[in-house]
Amino acid sequence: LLEEVNIDLEKGKTLIVKYLTTGDLREDGMRTVFFELNGHPREVEVLDRSVEMTLHRHPKANADDPTHVPAPMPGKVTTVNITKGQAVKAGDRLLSIEAMKMETAVYAPHDGTVRDILVQPGSTIASRDLLAVIG
């Protein structure tokens, strides 16, 4: 693995890219790669394709299916307040998501029965991931 590479852009202009380290694999399959670009620290998020087949990815909610409850934003599920088979009313708190030290509650969009819960506390989710099915 090369730790430093010089890239000539044009005569007299060279980029010096120095690899520093790679962060731990996250549940969503992403890693942060840390490097320096001309001496300035930079980082980039990359998908680790070497482990992609073993990761559990959450299915996306279907916007046309009113029973699907989508994630409003990416983050980590902190609490799940429902159980499968539970009756819920519109506005009942289903679960909480934390992102950047801010907590957001997800509420039932309509009355119904919880048919499925696709996340648990600690799950890392992306925007529009399917959280629950309420029929």
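The values are calculated or read from the model by the stated rules, or taken from the named source; none is laboratory data. Source: prediction; values computed, not measured. When we count neighbours, we look across all protein chains shown, and the Cβ atoms used for this are built from the backbone with ideal geometry, even at glycine. Calculation scope for accessible area: heavy atoms of the full protein, side chains included, ligands and nucleic acids excluded. Shrake-Rupley method; radii C 1.70, N 1.55, O 1.52, S 1.80 Å.
Some notes on this structure:
- Of the accessible area of the chain, computed with a 1.4 Å probe over protein heavy atoms only, carbon and sulfur atoms account for 54 percent.
- When only the Cβ of Lys, Arg, Asp and Glu is charged (+1, +1, -1, -1), the dipole of the chain relative to its Cα centre reaches about 240 debye.
- Sequence of D111, D92, D8 from largest to smallest accessible area, 1.4 Å probe: D8, D111, D92
- Accessible surface computed residue by residue for the chain, with neighbouring protein chains in place and a 1.4 Å probe, gives 67 Å² per residue.
- Among the GluC sites (Glu not before Pro) in segment 18-119, those placed in a DSSP loop whose Cβ has at most 14 other Cβ atoms within 10 Å are E27.
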